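Novice: For reference, the structure I am asking about is given below.
The values are calculated or read from the model by the stated rules, or taken from the named source; none is laboratory data. Since this is a predicted model, take the numbers as computed values, not measurements. Quick reminder, even Gly has a Cβ in these numbers, built from the backbone with ideal geometry, and neighbours come from all protein chains shown.
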């Protein structure tokens, strides 16, 4: 099999656009991933639609592999330091309606793809039922988000939804705890949050007013007075760990 060398090849152009354009990803129902570790996770699903590699991959002989030159692989990858494999996957079908009986981590306006990807990875590690993204969070299928999940994107539901949908779940019994410095906020260690979902805002803006109103409890993470705040992904990890040790 000869390797593809032309940037004008239709599959090369398709893969390039998947990595570069959010609207194109959703129009086609596919997203771009990279790296052998991520491919191993994806290979356990039926989501892989195309694989670009610079050499034969005997480990993945059942996948649709296309050989490309290193230049093409670097061209297709939207990330610095392109790895030896770039591949596309189908965007999973996830129920849009939130289940009040499930436990979620809700991200509110967290726009950094690395933070969103790290939270997805951490939520999978702590066996949360899903990650909910509202209010202009980074795209779950942005290549930077995908890389930060380290394959966990294939192990947990990610729901990109609206405030109205979240509010409906709360009205149906979803217990939502917010991380926010409010007059009534309590030390996370002193509150019984068994089975609760938790909402985290961006480091700069915190929780939006709309999401804060949905929270029946607000908590803070105790820390040194010499530190103003935690990175959103770090704060989410601390909160998820605390919630899980109570279960």
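Novice: Can you tell me which residues in the stretch 191-222 are under 23 Å from the mean Cα position of the chain (by Cα), closer than 19 Å to residue 103 by Cα and surrounded by 15 or more Cβ atoms within 10 Å (Cβ to Cβ)?
Specialist: Those that are under 23 Å from the mean Cα position of the chain (by Cα), closer than 19 Å to residue 103 by Cα and surrounded by 15 or more Cβ atoms within 10 Å (Cβ to Cβ): 196, 197, 198, 199, 200, 201, 207, 211, 212, 214, 215.
Novice: List pairs: first in the stretch 158-173 and in contact (Cβ under 8 Å) with a residue 40 or more places away in the chain, second crowded, with 17+ Cβ neighbours inside 10 Å and part of a helix (DSSP H, G or I), Cβ under 6 Å, 6+ apart or cross-chain?
Specialist: Sorted first by the residue in the stretch 158-173, then by its partner, the pairs are 167/214; 170/214.
Novice: Which of (1) touching a residue at least 12 places away in the same chain (Cβ under 8 Å); (2) part of a loop (DSSP other than H, G, I, E, B); (3) surrounded by fewer than 17 Cβ atoms within 10 Å (Cβ to Cβ) is the odd one out, the single condition residue 183 does not satisfy?
Specialist: Of the numbered conditions (1) touching a residue at least 12 places away in the same chain (Cβ under 8 Å); (2) part of a loop (DSSP other than H, G, I, E, B); (3) surrounded by fewer than 17 Cβ atoms within 10 Å (Cβ to Cβ), the odd one out for residue 183 is (1).
Novice: Let me ask you something else. Where the second residue is part of a strand (DSSP E or B) and the first is touching a residue at least 60 places away in the same chain (Cβ under 8 Å) and lies in the stretch 53-68, which pairs have Cβ atoms under 6 Å and are six or more apart or on separate chains?
Specialist: Filtered contacts from the stretch 53-68: 66/52; 68/4; 68/52.
Okay, residues lined up against (1) surrounded by fewer than 23 Cβ atoms within 10 Å (Cβ to Cβ); (2) modelled with pLDDT of 95 or more:
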position	(1), (2)
78	yes, no
84	yes, no
94	yes, no
107	no, yes
115	no, yes
121	yes, yes
139	yes, yes
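Novice: Here is a further query. Can you pull out every residue in the stretch 222-234 that is touching a residue at least 12 places away in the same chain (Cβ under 8 Å) and closer than 24 Å to residue 138 by Cα?
Specialist: Within the stretch 222-234, 229, 230, 231, 232, 233 qualify.
Novice: Can you pull out every residue in the stretch 31-47 that is touching a helix residue (DSSP H, G or I) at 6+ places or on another chain (Cβ under 9 Å) and assigned to a helix (DSSP H, G or I)?
Specialist: Across the stretch 31-47, the qualifying residues are 36, 38, 39, 40, 41, 42, 43.
Novice: Regarding the stretch 206-220, can at least one residue be identified that is in a loop (DSSP other than H, G, I, E, B), out of contact with any strand residue (DSSP E or B) (no Cβ under 9 Å at 6 or more places or on another chain), farther than 14 Å from residue 107 by Cα and not assigned by TED's automatic domain parsing to the domain that holds residue 32?
Specialist: no
Novice: Here is a follow-up. Does the stretch 181-218 hold any residues that are modelled with pLDDT under 90 and within 19 Å of residue 116 (Cβ to Cβ), and which are they?
Specialist: Once the filter is applied, which keeps residues that are modelled with pLDDT under 90 and within 19 Å of residue 116 (Cβ to Cβ), the stretch 181-218 yields 202, 203, 204, 205, 206.
Novice: Name the residue that is surrounded by the fewest Cβ atoms within 10 Å (Cβ to Cβ), counting only residues in the stretch 230-239 that are at pLDDT 90 or above and more than 14 Å from residue 116 (Cβ to Cβ).
Specialist: 238
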